[in-house]
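K.L.:
There's a structure below that I have some questions on.
The values are calculated or read from the model by the stated rules, or taken from the named source; none is laboratory data. All figures in this text were calculated on a predicted structure; none of them were measured in a lab. Note that we place each Cβ from the backbone using ideal geometry, even for glycine, and neighbour counts take in every protein chain shown. Please note that ligands, DNA and RNA were not included when accessible areas were found on the heavy atoms of the full protein model with its side chains. Shrake-Rupley method; radii C 1.70, N 1.55, O 1.52, S 1.80 Å.
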Amino acid sequence: ACRPSPLSPFRRNLSYPSFEPRPLPPRWSLPWAFEMCYVCMIFGFTGSTTMFLVRPAVSKGLKLEGSMKDGPWSYRVATFVVMFPVYPLLLLGFGTVFNRHVYFRSFAVKMLSRFGIPKGKIDPWYRGKSPDEIKVYESSIRKW
């Protein structure tokens, strides 16, 4: 019999993007720990890439020089304003590339809806759904 490669779970995860919810393994098991490392790795890529893109956009595009620590306040505010739409889009992009589209789509919708944007304007799935249907759908996507 052919023995599977130790990299086979990663090949399976990167094989093709899935737009279906994927069940998480039982909590505190070894597969769950690997899944959480995988999710944290995606968050890390997204945050690093966002700052890599936002800093030059603010300093060169908006001609503001400074840092988050030393200021000025115009630099800090501009950084957050530019980062606000970039981060959820990159999160969704990295989530799709790493085959976790559904999880990160719900995360991005939740993040943007906290800023007052209705969920129906962000994701067409929410349009015309009753609050009960939305609650059932959101509870089916376990976060941790």
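K.L.:
Ignoring ligands, DNA and RNA, what percent of the accessible area of the range 89-144 is carbon or sulfur (1.4 Å)?
P.N.:
64
K.L.:
Starting at the first residue of the range 123-139, write each ³J(HN,Hα) from the Karplus equation 6.51 cos²θ - 1.76 cosθ + 1.60 with θ = phi - 60°, in whole Hz, x for Gly and Pro.
P.N.:
Karplus-based 3J(HN,Hα) across the range 123-139 equals 10, x, 4, 6, 5, x, 8, 6, x, 5, 4, 5, 5, 5, 5, 5, 6 Hz.
K.L.:
Say each of PHE52 and VAL97 gets a label point 7 Å from the Cα, pointing the same way as Cα to Cβ; how far apart are those two points in nm?
P.N.:
Simple spin-label model gives 0.8 nm for this pair.
K.L.:
Suppose all protein chains stay in the model; what accessible area per residue would a 1.4 Å probe give for the range 90-132, in Å²?
P.N.:
On a per-residue basis, 54 Å².
K.L.:
Let me ask something additional. Which of the listed residues, MET36, VAL77, PRO25, is farthest toward the dipole's positive end in the range 20-115, when Lys, Arg count +1 and Asp, Glu count -1 at the beta-carbon?
P.N.:
VAL77
K.L.:
Explain nothing, just compute: Karplus ³J(HN,Hα) = 6.51 cos²θ - 1.76 cosθ + 1.60, θ = phi - 60°, for every residue of the range 90-105 in order, whole Hz, x for Gly and Pro.
P.N.:
5, 4, 5, x, 5, x, 6, 4, 8, 6, 10, 4, 5, 4, 7, 5
K.L.:
Can you tell me the Rg and Dmax of the range 69-144, counting just the alpha carbons, in angstroms?
P.N.:
15.0, 47
K.L.:
Just need the Rg to Rh number for the range 41-102, please, alpha carbons only, Kirkwood Rh.
P.N.:
Here the Rg-to-Rh quotient is 1.06.
K.L.:
Students often check this: by mean Cβ neighbours within 10 Å, which of 32-40, 114-122 ranks highest, and how do the rest follow?
P.N.:
Result, highest mean first: 32-40, 114-122.
K.L.:
Determine, for each peptide in 54-63, 75-84, 104-113, the mean count of other beta carbons within 10 angstrom over its residues, then list the peptides with the highest first.
P.N.:
By packing density, highest mean first, the sequence is 104-113, 75-84, 54-63.
K.L.:
Which of the GluC sites (Glu not before Pro) across the range 46-140 are loop residues per DSSP, with 13 or fewer other Cβ within 10 Å?
P.N.:
Listed in order of number, the matching sites are GLU65.
K.L.:
Could you give me the ³J(HN,Hα) list for the range 56-70, computed from phi with Karplus coefficients 6.51, -1.76, 1.60 and θ = phi - 60°, whole Hz, x at Gly and Pro?
P.N.:
Couplings: x, 5, 6, 6, 8, x, 9, 6, 10, 10, x, 8, 5, 7, 9 Hz.
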